[in-house]
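Reviewing the structure listed below.
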Amino acid sequence: MKHKIRWGLLIYDFLIYAFCAVMILVVYPKSRLERLTPENALTVGLTGVAALLVTRRLLKVYQQIWRYAGPATYLSMMVSDGIACVAVLLIRNFFSFPTTVVRILSMFSINLLFCVALRLLYQWVYQKRASKSLIERLLLFFLKMLTGTSFTAENEPGKNRIKIAIIGAGSVGAMLADELLQNPNATYEPVCFVDIDKGKAGRELYRIPVLMNDSRLKENLAGLGVQEVVFALPNVSSERRGELYKHYKAYGYKLKTYDFPITNTDDGGRRHIQDFNIEDLLFRSASQFLDEETMEWYRGKNVLITGGGGSIGSELARQIAKCKPARLVILDVYENGAYEIQQELKSRYGDQLNLRIEIASVCDKQKIEKIFADHTPDIVLHAAAHKHVPLMERNVCEAVTNNVFGTLNVVEACEKYQVKRFIMISTDKAVNPTNVMGATKRMCEMIVQSRKGEPTSFSATRFGNVLGSNGSVIPLFKRQIANGGPITLTDKRIVRYFMTIPEASQLVMTSGAMAKNGELYVLDMGKPVKILELAEHMILFSGLEPYKDIDIIETGLRPGEKLYEELLIKSEELDKTVNNKIFVERDRPLSMEEIGQKLEILRKALETQSNRAVKKALMDVVPTYHTPEEVNERAIQAEEMRIAAGQ
């Protein structure tokens with residue numbers, strides 16, 4: 001590709017060099033004995049300019065856009081001039097030029113100093129191009145004539161920028177300030193930094209003051225006209241982030257963060273100023289599970305994901321695609337979800353990913369077996385399930401058919417077609433369940449734990465509520481806030497464990513890679529979260545005030561709903577794995593004969609097509625299944641409720 005050279009800048013550099021050469025080689029020194037003859041001065045001068053042109057050409061000095069130059073660009077110029085100077089010194093020794101080393105070093109050093117000064121002046125004037133100062137206008141005119149750059153009105157910075165305080169005067173905060181100062185169309189104008197480092201407070205960064213987070217901070221921010229606060233603290237813990245959030249929110253400012261977006265982008269992973277993500281509502285550090293060893297385990301294998309168009313299933317597909325599988329099969333009964341993840345993966349990977357989409361229900365045993373026969377999967381990630389608690393309370397027959405017998409169909413297909421690994425996604429609602437959905441999931445766990453492990457290794461992974469997934473409270477609260485409220489809670493005492501969609505999918509993949517057979521994996525999810533506080537935070541994140549701008553009201557517990565979720569059954573043995581965030585719970589597994597008897601009870605109940613009969617049968621086969629009234633009566637004594645209340 002042909003690179004465009006800035007000839008105006010090159011000519012100006014030549015004039016600077018000519019001036020420096022005359023001053024060093026001709027004018028200085030005045031002593032007749034040390035003065036060079038015109039011929040010798042011309043020889044040294046022409047040798048120097050030739051060396052400079054060659055090295056600057058090789059290092060593309062005149063192909064840079066200097067208005068945005070950073071340290072690396074200036075360093076390349078210094079390197080090119082240093083090489084040119086060394087070259088001239090070597091030529092001097094070889095041809096015995098009648099001049100000293102000091103003359104040559106002085107000529108190149110002063111020339112470099114003037115050239116760098118010109119470029120720095122150019123950058124400074126470019127940033128000040130909207131100024132009304134006479135001196136700056138004269139400098140602007142001078143540089144325009146000299147370099148041929150046109151500073152038109154359309155490039156002038158926008159007016160009425162939002163004044164922000166940047167929390168954190170470290171490298172990320174400096175990066176943000178520099179980006180905003182360099183961009184004439186930026187929406188934000190940094191007016192100060194805030195840092196707890198006393199060594200930085202009272203100093204300036206990019207001529208922007210650094211304030212101390214002390215008792216006078218609120219007054220100082222108001223004096224500078226700060227309108228919003230932007231966090232530039234990539235390495236601070238989520239707990240500390242939560243403290244800072246509450247601190248600055250009390251000042252009445254709208255808060256944002258300068259960080260990588262959660263979703264994948266095409267900009268190489270640049271940081272952006274953005275609203276707080278729903279993950280930040282947890283105010284805990286998101287766990288990272290995937291490592292190279294785990295990704296290698298999935299590489300080159302045929303992977304099938306049931307329910308692959310859902311929230312968890314589609315994220316699993318994204319993560320598996322990164323592992324370069326031999327084939328990725330997405331199976332879902334809902335075609336729209338499958339289509340969306342198909343288009344996303346095709347756009348990102350093209351022909352590099354061997355992707356197949358199968359539209360089918362896990363309840364269709366014959367179709368499932370055909371899919372297994374066609375694709376011969378090595379690994380099956382089973383995410384297909386009905387999960388909405390109130391809907392399943394009214395559709396008990398469908399819940400048992402899909403969740404229990406659909407899982408059984410997939411399990412038996414895995415054994416028949418010799419799948420190496422089966423990983424089922426479960427839920428914390430399966431722990432001492434109080435609803436149909438949780439009870440069906442517990443029954444699925446028992447099916448998985450009963451299998452012999454040959455030829456397929458079976459495991460299940462259990463986690464809590466997933467932020468932002470279909471049917472979670474986050475999308476509901478967002479819609480209610482957008483509509484002006486109120487936010488509806490079934491009960492203001494409710495507490496839940498939460499995790500993010502990436503955490504959930506990575507947990508499934510990691511536990512699946514380490515599984516042997518019959519394990520039930522659970523995640524250390526930290527402290528349970530009060531849904532009421534979650535709703536209040538979301539209102540605040542929207543720049544509104546709870547109970548004033550948006551009200552929060554109770555609607556009463558739904559059928560099958562309990563006030564808290566338990567993450568771990570009180571089991572005989574609970575072990576840590578190599579990942580200190582993942583535990584394995586070992587119940588005494590039932591035999592396949594015992595599971596067969598339970599399944600037969602459910603089959604006979606389904607024949608009646610009576611929700612009441614099927615629910616009674618479900619309570620008979622899942623001994624830990626209790627009514628929500630029983631559990632909620634003793635909720636105040638539950639450890640989860642005490643932790644969430646800060647006791």
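Figures for the structure shown
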item: Search result, residues across region 51-72 that are over 26 Å from residue 88 (Cα atoms) and touching a Lys or Arg at 6+ places or on another chain (Cβ under 8 Å); result: 66, 69
item: Test: residue in region 457-474 that is in contact with a Ser or Thr (Cβ under 6 Å, 6 or more places away or on another chain), surrounded by 24 or more Cβ atoms within 10 Å (Cβ to Cβ), among the hydroxyl-bearing types (Ser, Thr, Tyr) and closer than 28 Å to residue 598 by Cβ; result: yes
item: Among residues of region 346-404, those that are more than 21 Å from residue 314 (Cα to Cα) and either not in a loop (DSSP other than H, G, I, E, B) or not assigned by TED's automatic domain parsing to the domain that holds residue 299 (or both), counted; result: 20
item: Residue tally, condition in a loop (DSSP other than H, G, I, E, B), surrounded by fewer than 20 Cβ atoms within 10 Å (Cβ to Cβ) and not aliphatic (A, V, I, L, M), over region 320-344; result: 3
item: Criterion violated by residue 577 - all others in (1) hydroxyl-bearing (Ser, Thr, Tyr); (2) at negative phi; (3) at pLDDT 85 or above satisfied; result: (3)
item: Selected residue (criterion: surrounded by the fewest Cβ atoms within 10 Å (Cβ to Cβ)) from residues of region 170-222 that are farther than 19 Å from residue 251 by Cα and of a type in the set (Phe, Trp, Tyr); result: 206
item: Where a residue in region 404-415 is under 11 Å from residue 441 (Cα atoms) and its partner, wherever it lies, is part of a helix (DSSP H, G or I), with Cβ under 6 Å and at least six apart; result: 404/440; 404/443; 407/444
item: Yes/no for residue 312 being at pLDDT below 95 and either in contact with an Asp or Glu (Cβ under 6 Å, 6 or more places away or on another chain) or within 21 Å of residue 427 (Cα to Cα) (or both); result: yes
item: Boolean, residue 565 is modelled with pLDDT under 80, of a type in the set (Asp, Glu), surrounded by 20 or more Cβ atoms within 10 Å (Cβ to Cβ) and within 30 Å of residue 395 (Cα to Cα); result: yes
item: Test: residue in region 457-473 that is among the basic types (Lys, Arg), in a loop (DSSP other than H, G, I, E, B) and within 17 Å of residue 517 (Cβ to Cβ); result: no
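Yes or no, residue by residue, for (1) farther than 23 Å from residue 36 by Cα; (2) of a type outside the set (Phe, Trp, Tyr); (3) at pLDDT 85 or above:
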{"site": "77", "(1), (2), (3)": "yes, yes, yes"}
{"site": "80", "(1), (2), (3)": "yes, yes, yes"}
{"site": "89", "(1), (2), (3)": "no, yes, yes"}
{"site": "95", "(1), (2), (3)": "no, no, no"}
{"site": "100", "(1), (2), (3)": "no, yes, no"}
{"site": "104", "(1), (2), (3)": "no, yes, yes"}
{"site": "109", "(1), (2), (3)": "no, yes, yes"}
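The values are calculated or read from the model by the stated rules, or taken from the named source; none is laboratory data. From a predicted model like this one, the values you see are computed outputs, not experimental measurements. Heads up, the Cβs are rebuilt from the backbone with ideal geometry, glycines too, and the neighbour counts pull from every protein chain shown.
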